[in-house]
Amino acid sequence: MSHAPDTAPLLSVEGLSKTYRSGRRLADRLTGRPETQVRAVNNVSFGIRPGEIMGLIGESGCGKSTLGRAILRLHEPTSGRVTFGGTDVTALSDDEMKAMRRRMQIIFQDPYASLNPRRTVAEIVGLPLSLHGLAKTPAEARDITAAIVEKVGLKTAHLDRYPHQFSGGQRQRIGIARALVSHPEFIVCDEPVSALDVSIQAQIIQLLTDLKREMGLTYLFISHDISVIGYLSDRVAVMYLGEVVELGPVETVLSNPRHPYTQSLMSAVPEVDRPGHKARVRLTGDLPSPLAPPPGCKFHTRCPLATEICRHKAPVSETVGAGHTAACHRLHENLSVPEAEPA
Ligand code: SF4
């Protein structure tokens, strides 16, 4: 679905950062070694328009899930601002934030770990109703819960069963029902299909697509799978070591990726259907530790196009097309990560 670029965002993220401090161990205190800080998310900004799906892609450990949780204040941001429907979410009191969570929900990656094994489906899915006072009586809560359980493809007969009695796909449907029962407007979908078999993934993706249309939802969809992001998203933000390095309409970014990291990331899925696709060199090496991020451009330790400036100066994000931005010193040279040698 395309969205007018001038539509006001439902959600705005401005300069959001999240830093974790590691506690100082005794040895650190004795040697005077300073406390270690991990900047998991660094100065991230973007907006999501009503009804839009913003894909957020990057390797495992790049900070995508932390960003999703910081937006919902499940992990308190260190700095920056999140505005939702005109309200500064980052300035809300705990009670106000609790009320706001009725409108902003999350679907977790691991459906089993996120469901209380000692609670029935009716109790798990119905919990937000009691938290937010959305049902006047237990009977009404049960009716609302039954309706949403059916909407996600389960049966009312499932209401009194426990999570271990379901398959992985069914458990994820329970997690989706729990997120939707309070009729939110915005959902962070945090790798909701990554733990599922491929055949089940397709069913859950279709379900999320249908629910978005029927319920007028807006998603931040987090995934490390560029095929999933390409299928679902209207726009995509590419994240590397806590920073968004490229952002734009999904067709534009996939057909004409401007950042060397995006180009390399796409080499992992040569079957992605995009015009002019060439197999690029694959990324080598691991994501550097966020405990000791490289200076300059954080991608320089793995970038085939890195030059001297990349090692000491961080690039800033620049506009490279309509609604398309990227952060790289060599954008204007129109270079591409080299093609892979034929096997
Ligand atoms: Fe590569 Fe340099 Fe661009 Fe970073 S700034 S992506 S190291 S070319």
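The values are calculated or read from the model by the stated rules, or taken from the named source; none is laboratory data. Small disclaimer: the values here were computed from a predicted structure and weren't measured. Backbone-built Cβ (ideal geometry, glycine too); neighbour counts: all protein chains shown. We work out accessible area using only protein heavy atoms, side chains counted, and drop any ligands, DNA or RNA first. Shrake-Rupley method; radii C 1.70, N 1.55, O 1.52, S 1.80 Å.
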Suppose we keep just the DSSP beta bridges with both residues in segment 127-257; what percent of those would be antiparallel, to 5? 55 percent
Where Lys and Arg each count +1 and Asp and Glu each count -1, what net charge lies around Ala99 among other residues with Cβ under 15 Å from its Cβ? 0
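For the cross-link pairs Lys64/Lys313; Lys98/Lys298; Lys98/Lys155; Lys18/Lys151; Lys136/Lys212, which exceed 32 Å when the distance is taken from alpha carbon to alpha carbon?
On the way: Lys64/Lys313 24 Å; Lys98/Lys298 36 Å; Lys98/Lys155 30 Å; Lys18/Lys151 36 Å; Lys136/Lys212 27 Å.
Long pairs (Cα-Cα over 32 Å): Lys98/Lys298; Lys18/Lys151.
Among 314-327, 209-222, 165-178, how do they line up from the highest to the lowest mean number of other beta-carbon atoms within 10 Å?
Details: 314-327: 16.2, 209-222: 18.6, 165-178: 21.2.
The densest-packed peptide leads the list: 165-178, 209-222, 314-327.
For every helix of n ≥ 4 consecutive DSSP H residues, a contribution of -39,500 (n - 2.57) applies; sum these over the chain, divide by its total residues, and give [θ] at 222 nm rounded to the nearest 500 deg cm²/dmol. Working shown, then result.
On the way: 11 runs with 102 residues, N = 343.
Calculated from helices alone, the mean residue ellipticity at 222 nm is -8500 deg cm²/dmol.
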Using the Cα gyration tensor of segment 105-220, with a ≥ b ≥ c the square roots of its eigenvalues, what is the shape: rounded (a/c below 1.5), prolate (a/b larger than b/c) or oblate (neither)? oblate
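Report the net charge of residues surrounding Thr325, where surrounding means a beta-carbon distance below 10 angstrom and charges are Lys +1, Arg +1, Asp -1, Glu -1.
Numbers: positive: Arg258; negative: Glu246, Glu318.
Within the 10 Å Cβ shell, the charges total -1.
If you wrap a convex hull around the alpha carbons of the chain, what volume per residue comes out, as a whole number of Å³? Please list the in-between numbers first.
Numbers: hull volume 58.4 nm³, N = 343.
Cα-based convex hull of the chain, divided per residue, equals 170 Å³.
Mean separation of Cα pairs under 8 Å and 6+ residues apart, divided by the residue count of segment 40-105: what relative contact order is that in percent? Each step should come with its number before you reach the end.
Numbers: 31 pairs, mean separation 14.3, N = 66.
Worked out over segment 40-105, it gives 22 percent.
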How far is the Cα center of segment 144-162 from the Cα center of segment 306-339, in Å? 49 Å
Rounded percent of accessible protein surface that carbon and sulfur make up, the chain, 1.4 Å probe: 51 percent
Just for the Cα atoms in segment 49-142, what are the lengths along the principal axes, largest first, rounded to whole Å? 42, 31, 27
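How much accessible area per residue does the chain have, in Å², with a 1.4 Å probe?
47 Å²
Calculate the all-directions average of the projected area of segment 144-209's alpha-carbon convex hull, and give it in nm². Walk me through the intermediate numbers first.
Working: hull surface 18.0 nm².
Value for segment 144-209: 4.5 nm².
Over the chain, what is the percentage of antiparallel beta bridges among all DSSP beta bridges, to the nearest 5?
Just about 60 percent of them are antiparallel.
Can you tell me, using C-alpha contacts under 8 Å and at least 6 residues apart, the relative contact order of the chain as a whole percent? Display every interim value, and only then the final one.
On the way: 624 pairs, mean separation 64.5, N = 343.
Worked out over the chain, it gives 19 percent.
What does the charge count around Lys136 come to, taking other residues whose C-beta lies under 15 Å from its C-beta (Lys +1, Arg +1, Asp -1, Glu -1)?
On the way: positive: Arg142; negative: Glu140, Asp143.
Local charge sum for Lys136: -1.
What shape does segment 181-250 take by its C-alpha gyration tensor, where a ≥ b ≥ c are the square roots of the eigenvalues and a/c under 1.5 counts as rounded, a/b above b/c as prolate, and the rest as oblate?
On the way: a/c = 1.82, a/b = 1.28, b/c = 1.42.
Oblate, because a/c is 1.5 or more while a/b does not exceed b/c.
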